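Please read the structure below before turning to the comments.
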Amino acid sequence: MDFSVKPVLTGERTVLRPFTEADAARMGEIIGDPEVRRFTGSPGHELTPELLRSWYGSRSAQPDRLDLAVTDPADGEVLGEVVLHAWVPEERSCTFRTLIGARGRGRGIGTEATRLIVGYAFEELGLHRVQLDAYAFNDRALRVYEKVGFVREGVRREVELRDGVWVDEVLMAVLDHEWAAHRGHPGGRAGRPAAGVRAR
């Protein structure tokens, strides 16, 4: 098992698809959004147009991670990204991260995009564990993660100095047998398929 296949995952509110180089400019705008920077941190170096084109143009060639564009099904606009990375084959585990720009927030898109890609990780790739970390002050993201079945496992205290204040990081994960029981709907609607999957 690896991440060589780059699927298209279709939901009611969003379509996740492989990135192309043409997405670089839009992703540059999203990454530069002040709220995205607040909750994801600074990249640590300048993201030039050339660097962004190289990065997003090469995502479909990576066999050890899965980066998908979160798009609006109405017009195809790129709204953000979802990523499975830091894959550990022998443990059948990986790390999840996401970011959604201003035009995609408050519409349930982040929740659905998370369900789609995490469902794909378990139901199609056969992973055992998907984990994440998030700043403790990122209440919106933590609510989304809990809503789709991630369980808080701990807190890394004062991991980073942000604007003169030390901030904590929340560690969360969901396991394959947990996902099988609720399919991203721990409060109900269990057994519903997570995604429409179409290989590239």
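The values are calculated or read from the model by the stated rules, or taken from the named source; none is laboratory data. All values derive from a computational prediction rather than experimental measurement. Here the Cβ is made from the backbone with ideal geometry for all residues, glycine too, and neighbour counts use every protein chain on show. Protein only, heavy atoms only, side chains kept; ligands, DNA and RNA dropped before computing areas. Shrake-Rupley method; radii C 1.70, N 1.55, O 1.52, S 1.80 Å.
Annotations for the structure displayed:
- Residues (farther than 27 Å from R140 by Cβ, touching a residue at least 60 places away in the same chain (Cβ under 8 Å) and part of a loop (DSSP other than H, G, I, E, B)) located in the stretch 35-85: P63, D64
- Complete set of residues in the stretch 86-102 that are assigned to a helix (DSSP H, G or I) and either in contact (Cβ under 8 Å) with a residue 40 or more places away in the chain or aliphatic (A, V, I, L, M) (or both): P89, A102
- Any hit, the stretch 59-68, residues being charged (D, E, K, R), touching a strand residue (DSSP E or B) at 6+ places or on another chain (Cβ under 6 Å) and open to solvent by 50 Å² or more (accessible area, probe 1.4 Å): yes
- R183 being within 18 Å of F96 (Cβ to Cβ) and open to solvent by 90 Å² or more (accessible area, probe 1.4 Å): no
- Yes/no for G149 being open to solvent by less than 70 Å² (accessible area, probe 1.4 Å), modelled with pLDDT of 95 or more and in contact with a Pro (Cβ under 7 Å, 6 or more places away or on another chain): yes
- Filtered by the rule that a residue be more than 23 Å from E169 (Cα to Cα) and within 14 Å of the chain's Cα centre (by Cα), the stretch 79-107 gives L79, G104.
- Of all the listed residues (L84, L47), the sole one being hydrophobic (A, V, I, L, M, F, W, C) and at pLDDT below 95 is L47.
- Residues of the stretch 1-52 that are more than 25 Å from F122 (Cα to Cα), among the acidic types (D, E) and surrounded by fewer than 17 Cβ atoms within 10 Å (Cβ to Cβ): E21, E29, E35, E46, E50.
- Evaluation of L16 against the conditions (1) in contact (Cβ under 8 Å) with a residue 60 or more places away in the chain; (2) assigned to a helix (DSSP H, G or I); (3) not polar (S, T, N, Q) shows that the sole unmet condition is (2).
- Odd one out for V36 among (1) at pLDDT below 95; (2) hydrophobic (A, V, I, L, M, F, W, C); (3) over 23 Å from V130 (Cα atoms): (3)
- Any hit, the stretch 163-179, residues being open to solvent by 20 Å² or more (accessible area, probe 1.4 Å), out of contact with any strand residue (DSSP E or B) (no Cβ under 8 Å at 6 or more places or on another chain), of a type in the set (D, E, K, R) and in contact (Cβ under 8 Å) with a residue 24 or more places away in the chain: no
- Within the stretch 103-128, being open to solvent by 60 Å² or more (accessible area, probe 1.4 Å) and in contact (Cβ under 8 Å) with a residue 24 or more places away in the chain holds for R103, R107, E123, E124, H128.
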